[in-house]
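**Student:** Input: one structure, supplied below.
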Amino acid sequence: MDFPLVTDLGALRADIAIIGMPYGDPYSPEEMTNDQSNAPTAVRRASQTISLGLDRWDFDIGGTLFDGKDIVVVDVGDIAADPKDLKAHYCKAQAAIRNIVKAGAMPITIGGDHGVPIPIFRALDTLGPLTLVHIDAHLDWRDEVNGVREGYSSPIRRASEMNHFDRIIQIGMRGQGSARAEEVHAASAYGARIVTAEELHETGVAAVLKEIADGGRYYLTIDADGMDPSQMPAVLAPAPGGVTYHQALALIKGLCRKGRLVGMDIVEIAPSRDVHNITCITAGYLILNAIGAAVRAGYFERQN
């Protein structure tokens, strides 16, 4: 998108900051660098075909991206990994998001696998209470896998343990994943609202939005396999019947209208499995629509 690169987060002056988090917490040595770690670069490259310029009319957004307003969007680069300290990048990620939030900017993160939102969740503790909205085919409530508690099967379980999240809504669940009966029971005991893909298609996004309190603060985490694979095929665990592009747009726009979307992430894109870059392009469109919806909701109006 040709947004300017800013690497000094201590002096950040922006409304929205896009950040890449390529690395999660691996379950095995082979996962230390996986295909999803290539996604931030792949999505950035695809952005060159998504938008021809900030002056162009976008029919999904309903106008130009910034709607004639003075909006500052920056790209702050990627969180680097340290092969000698596999936990260091989570600490760096948490610190980066804290700096972005402190600067009053909205973080939009490109993963990486679904472990990467865990440090993001922690860094949002000054913004609570928050409703976590989760698009995924899978529940992600495992307490641990191979002794790892902050991997891609555990982000929602970890969020449930953070006091600044007071509600969790999970959308698009279908098929089989890592969840066993005990994880489903744990999610139910917490009070997570699980909206299966079947229910979503039967009742629609509007019905889901009605269950989310107006005037709240929301964080949106999107696992690419939560989307229908006809629209985001580049995932390791494709499952038919997922959330459609227009359902995701309706959800994003609805959240921005209802209250404050404080941030979002898109994770689990495996670029080597993409078809004509459609997954990365779709991810880019979702990000653009989140920006456009936040602008139109008046998030960045400046005082005279």
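The values are calculated or read from the model by the stated rules, or taken from the named source; none is laboratory data. Since the model is a prediction, treat every value here as computed from it, not as a measurement. Positions of Cβ are backbone-derived with ideal geometry, glycine not excepted, and every protein chain shown enters the neighbour counts. Just the protein is used for accessible areas: all its heavy atoms, side chains included, with ligands, DNA and RNA removed. Shrake-Rupley method; radii C 1.70, N 1.55, O 1.52, S 1.80 Å.
**Student:** Keeping all protein chains in place, calculate the accessible area per residue for the chain (probe 1.4 angstrom), answer in Å². Don't jump to the answer; show the numbers that get you there.
**Tutor:** On the way: 12980 Å² over 304 residues.
Ligands and nucleic acids excluded, the result is 43 Å² per residue.
**Student:** What is the range 171-299's relative contact order, in percent, from Cα pairs under 8 angstrom and six or more apart in sequence? Spell out each step's value before the answer.
**Tutor:** Values: 169 pairs, mean separation 34.0, N = 129.
Taking the mean separation of contacting Cα pairs over the length of the range 171-299, I get 26 percent.
**Student:** Can you give the Kirkwood hydrodynamic radius for the chain, in Å, rounded to one decimal and based on Cα pairs?
**Tutor:** Values: mean 1/r = 0.0524 Å⁻¹.
About 19.1 Å, per the Kirkwood formula over Cα pairs.
**Student:** Moving to a separate point now. I'd like the projected area of the range 1-128, averaged over all directions, using the convex hull of its alpha carbons. Report it in nm² with one decimal.
**Tutor:** Values: hull surface 35.5 nm².
Hull-based average projected area comes out at 8.9 nm².
**Student:** Residues with amide H under 5 Å of I18's amide H, sequence separation 5 or more or different chain, H placed in the peptide plane at 1.01 Å from N; which?
**Tutor:** The answer is V74, D75, V76, I108.
**Student:** Apply the Karplus parameterisation 6.51 cos²θ - 1.76 cosθ + 1.60, with θ equal to phi minus 60°, to every residue of the range 161-169 and state each ³J(HN,Hα) to the nearest whole Hz, in sequence, with x for glycine and proline.
**Tutor:** 8, 9, 5, 7, 9, 10, 8, 10, 10
**Student:** Mind computing the radius of gyration and Dmax over the alpha-carbon atoms of the range 231-301? Å is fine for both.
**Tutor:** Just the Cα atoms of the range 231-301 yield Rg and Dmax of 13.5, 41 Å.
**Student:** For the range 129-179, what is one quarter of the convex hull surface built on the Cα atoms, given in nm²?
**Tutor:** Numbers: hull surface 13.6 nm².
For the range 129-179, averaging the hull's shadow over all directions gives 3.4 nm².
**Student:** Another question about this same structure. Leaving out ligands, DNA and RNA, and with a 1.4 Å probe, what % of the accessible surface on the range 1-97 is carbon or sulfur? Could the numbers behind the result be given before it?
**Tutor:** Working: 2760 of 5160 Å².
It is 53 percent, rounded to a whole number.
**Student:** Let me ask something else about it. What residues of the range 247-285 lie in the reach of a label at A213, counting those whose backbone N is under 13 Å from a point 7 Å from the Cα along Cα→Cβ?
**Tutor:** 259-260
**Student:** For the cross-link pairs K69/K92; K69/K253; K210/K253, which exceed 23 Å when the distance is taken from alpha carbon to alpha carbon?
**Tutor:** Numbers: K69/K92 32 Å; K69/K253 18 Å; K210/K253 13 Å.
Check vs 23 Å cut-off fails for K69/K92.
**Student:** Tally up the carbon and sulfur contribution to the accessible surface of the range 208-273 as a whole percent, 1.4 Å probe, everything protein left in place.
**Tutor:** On the way: 1210 of 2240 Å².
It is 54 percent, rounded to a whole number.
**Student:** Further question: Over the range 32-148, calculate the relative contact order: mean separation of alpha carbon pairs under 8 Å at least 6 apart, over the residue count, as a percent. Let's see the in-between values first.
**Tutor:** Values: 56 pairs, mean separation 30.3, N = 117.
That works out to 26 percent.
**Student:** I would also like to ask the following. Hey, could you get me the Stokes-Einstein D for the range 157-304, Kirkwood radius over alpha-carbon pairs, 20 °C and 1.002 mPa s, rounded to whole µm² s⁻¹?
**Tutor:** Details: Rh = 16.3 Å.
It comes out at roughly 131 µm²/s.
**Student:** Another question, if that's okay. Go through the range 143-158 residue by residue and turn each phi into a ³J(HN,Hα) via Karplus (6.51, -1.76, 1.60, θ = phi - 60°); whole Hz please, and just put x for glycine and proline.
**Tutor:** Karplus-based 3J(HN,Hα) across the range 143-158 equals 6, 7, 9, 6, x, 8, 9, 10, x, 6, 9, 10, x, 6, 4, 5 Hz.
**Student:** Whole angstrom only: what separates the Cα centroid of the range 81-146 from the Cα centroid of the range 12-38?
**Tutor:** 10 Å
**Student:** List the residues, sorted by chain then number, that are 5 or more residues from D113 or on another chain and whose placed amide H is less than 5 Å from its amide H.
**Tutor:** Here the answer is G24, E268, since their amide H atoms fall under 5 Å of that of D113.
**Student:** Further question: Quick one: net charge around T126, please, counting Lys, Arg +1 and Asp, Glu -1 for every other residue with C-beta under 9 Å from its C-beta.
**Tutor:** Net charge in that neighbourhood comes out at +1.
**Student:** A further question follows. When the helices in the chain are scored as -39500 (n - 2.57) per DSSP H run of 4 or longer and the sum is shared across all residues, what 222 nm value do you end up with, to the nearest 500 deg cm²/dmol?
**Tutor:** Rounded to the nearest 500, it is -9500 deg cm²/dmol.
**Student:** Taking the range 45-153, which trypsin sites (Lys or Arg not before Pro) meet the DSSP loop condition and have no more than 12 other C-beta atoms within 10 Å?
**Tutor:** Values: sites: R45, R56, K69, K84, K87, K92, R98, K102, R122, R142, R149; in loops: R56, K69, K84, K87, R142, R149.
Sites meeting the loop and neighbour criteria: R56, K84, K87.
**Student:** Using amide H atoms built in the peptide plane, which far-off residues or other-chain residues are under 5 Å from T244 H to H?
**Tutor:** Amide H to amide H, under 5 Å and 5 or more residues apart or across chains, T244 pairs with D228.
**Student:** Can you compute 3J(HN,Hα) from phi for each residue in the range 202-214, using the Karplus curve 6.51 cos²θ - 1.76 cosθ + 1.60 with θ = phi - 60°, rounded to whole Hz and x for Gly and Pro?
**Tutor:** My calculation for the range 202-214 gives 7, 9, x, 5, 4, 5, 5, 4, 5, 7, 9, 4, 5 Hz in order.
**Student:** Which order do the peptides 3-14, 109-120 come out in when sorted by mean C-beta neighbours inside 10 angstrom, highest first?
**Tutor:** Numbers: 3-14: 13.3, 109-120: 28.2.
Taking the mean over residues of other Cβ atoms within 10 Å, the ranking is 109-120, 3-14.
**Student:** If you don't mind, another one. Could you work out the local net charge near D85, counting Lys and Arg as +1, Asp and Glu as -1, over the other residues with Cβ closer than 15 Å to its Cβ? Spell out each step's value before the answer.
**Tutor:** Values: positive: K84, K87, K92; negative: D25, D82, E150.
Within the 15 Å Cβ shell, the charges total 0.
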